[in-house]
1. Just report the Cα centroid separation between segment 124-190 and segment 272-287, whole Å.
2. Quick one: what are the phi-derived ³J(HN,Hα) couplings along segment 76-93, Karplus 6.51/-1.76/1.60 with θ = phi - 60°, whole Hz, x for glycine and proline?
3. Kindly provide the helix-only [θ] at 222 nm of the chain, computed as the sum of -39,500 (n - 2.57) over DSSP H runs of four or more divided by all residues, to the nearest 500 deg cm²/dmol?
4. Relative contact order, percent, of segment 216-331 when contacts are C-alpha pairs under 8 Å separated by at least 6 residues?
5. Among residues other than residue 119 whose Cβ falls under 13 Å from its Cβ, what is the net charge (Lys/Arg +1, Asp/Glu -1)?
6. Starting from the 7 Å offset along Cα-to-Cβ, what nm value, one decimal, do you get for the label separation of residue 311 and residue 293?
7. Residue by residue through segment 18-25, what is 3J(HN,Hα) from phi via Karplus (6.51 cos²θ - 1.76 cosθ + 1.60, θ = phi - 60°)? Round to whole Hz and write x for glycine and proline.
8. Which aspartates and glutamates, if any, have their Cα less than 18 Å from the Cα of residue 76, not counting same-chain residues under 8 positions apart?
Amino acid sequence: MSSPSFEGHDDVVLPFAVEPLDVRGRVVRLGPSIDTILTRHGYPDMVARVIGEAAALTVMLGASLKLEGRFQLQTKSDGIIDMVVIDFNAPDKLRATARFDKEKLEALGSATPGTGELLGNGYLAMTIDQGTERSRYQGVVALEGQGFEEAAHQYFRQSEQIPTQVRLAVAEQFENGRHTYRAGGLMIQFLPSSSERLRQADLHPGDIPEGHPSNDLAGPSEDDAWVEAKSLLATVEDHELIDPAVSSERLLYRLFHERGVRVFGGQHVHEECTCSYERIMGMMRRFSPEDRRDMVGDNGRIGITCEFCSRFYDLDPADVEAEIARTEAQH
């Protein structure tokens, strides 16, 4: 990279390669897109930060999809935040929602638990769907009090077997008379041509005395290039991932200039929900006539609110039944 940009760009995911270290990765900066999502729902700050982390991770992973496809990150757990859903529709559409226990959150008072504590125990699922049954893939990681960074590391160790390291950050800033949210992330992956170099260190053997045969369970040491790449990533501070004055190119140059880093064309991202009247009607067709009658409110209408974008659909039950009847007659 010969002339890194000094100008930061929001809502862009930027691929890069550090070829001497056999490393590839992506940097993502989310500004208006994540702020629109969080502001629309009025999430409390702790919830907003968790969603911001999940969104940055989802965009980094989803940006690898070729052409069109959908990457979804979803958690289900017993924590204060018991559900997070982030949808990334390639190449550029992002939406997100979460569910949390308001009373338990307020009971925390001035305490500031981390992401892992707020999520609790459960699972994190990452789903890739490129339109056909054969192209659908899902990887699941147990949530046991860890945050999204460690959960991502576990996902790649278990599902992809690609050495991967992730850094995520979220912050609130005061801008143009209002508070706005920003999120950022940086991911590196070790992709050498030789599969032998992909070996990763296993769990530490614990308190077994040095020299004991069981210590062999610790496995081979990691490749020097990957150790160096991880060490460099560990120097990244949160503010560097979200500061609009620090461009993604400048950050990468600071980290890898001694080795040489090459960036590729960035992909812009924006907030956009995929809900529509047609999709709502498709959902309504999956319910029985009895279930649809139970949906009718006291005002004689069926009201449906999209959990992602809060758009409200006000439906006439007679129109719904007539349209479903027409569709069924056509088939």
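1. 27
2. 9, 7, 9, x, 4, 9, 8, 7, 10, 10, 10, 10, 10, 9, 4, x, 8, 9
3. -8500 deg cm²/dmol
4. On the way: 46 pairs, mean separation 15.6, N = 116.
Computed value for segment 216-331: 13 percent relative contact order.
5. Working: positive: 49, 76, 99, 104; negative: 53, 78, 82, 101, 117, 144, 149, 150.
That works out to -4.
6. 3.1
7. Values per residue, Gly and Pro as x: 10, 5, x, 9, 6, 10, 10, x Hz.
8. The reachable aspartates and glutamates, counting only those whose Cα sits under 18 Å from residue 76, are 53, 87, 101, 117, 144, 149, 150, 307.
The values are calculated or read from the model by the stated rules, or taken from the named source; none is laboratory data. Please read all numbers here as calculations on a predicted model, not as lab measurements. With ideal geometry, Cβ positions are generated from the backbone for all residues, glycine too; neighbour counts draw on all protein chains shown. The accessibility values were calculated without ligands, DNA or RNA, using every heavy atom of the protein model including side chains. Shrake-Rupley method; radii C 1.70, N 1.55, O 1.52, S 1.80 Å.
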